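All remarks here apply to the structure that follows.
The values are calculated or read from the model by the stated rules, or taken from the named source; none is laboratory data. If you're wondering where the values come from, they're calculated on a predicted model, not measured in any experiment. All Cβ positions, glycine included, derive from the backbone under ideal geometry; neighbour counts span all protein chains shown.
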């Protein structure tokens, strides 16, 4: 059984919130495409088809082929709600419930070149703004609502902050010949996984820093 969900935390306005929001928005990037470019071929060569099954692929592919190798559209997640808008009460909690259900039931892709969620050493990396855009599009909401949605999710206070107190983390996606920066929110493993649902394998292509050989 999936663990209890969380309620929106009604935090008081922080005088520095506007400044932090601006800094975090500047740190965000469309990381999913960069991840696909950097680790796609490397991962396809290193992993077997059974690894893709564990990742929770939501699309059918040819036997022995990774979904991103076939050229067909890849379903990275499935919808959960109907008739919701950015004004829906507790939309931040609904996003988290969708995320948790999708990860537990493996209807949200993880650790693949096209995934918007990756398991890293310090937690679960939610590529931002990509994952929030995905939620909006899957639920018939305007893509532009990803910004307000991410802020409502932040009010749940589930995220791990950086040393500077920011909610957006910068990591490196390391490919065969080059590396690139990606950004996202980081939540603890235990917010999703527990005794009944072990933490999946860490994505070895993501690193907090680069070695001299990788730079």
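Let's see how each residue does on (1) buried (at least 22 other Cβ atoms within 10 Å of the Cβ); (2) touching a residue at least 12 places away in the same chain (Cβ under 8 Å); (3) under 16 Å from the mean Cα position of the chain (by Cα):
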site	(1), (2), (3)
122	no, yes, yes
129	yes, yes, yes
147	no, yes, yes
168	yes, yes, yes
174	no, yes, no
177	no, no, no
186	no, yes, yes
194	no, yes, no
202	no, yes, yes
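The condition (being at pLDDT 50 or above, over 25 Å from residue 188 (Cβ atoms) and touching a strand residue (DSSP E or B) at 6+ places or on another chain (Cβ under 8 Å)) is satisfied by just one residue among 38, 127, 109: 38.
Out of the residues in segment 149-166 that are within 15 Å of residue 122 (Cβ to Cβ) and in contact with a helix residue (DSSP H, G or I) (Cβ under 6 Å, 6 or more places away or on another chain), state the one that is surrounded by the fewest Cβ atoms within 10 Å (Cβ to Cβ). Taking the candidates together, the pick is 166. Applying the condition of being in a helix (DSSP H, G or I) and in contact (Cβ under 8 Å) with a residue 60 or more places away in the chain to segment 77-98 and asking which residue is surrounded by the most Cβ atoms within 10 Å (Cβ to Cβ) yields 92.
Specify which of the listed residues (104, 119) is modelled with pLDDT of 55 or more and over 24 Å from residue 172 (Cβ atoms).
Numbers: 119 fails: over 24 Å from residue 172 (Cβ atoms).
That would be 104, the only listed residue that is modelled with pLDDT of 55 or more and over 24 Å from residue 172 (Cβ atoms).
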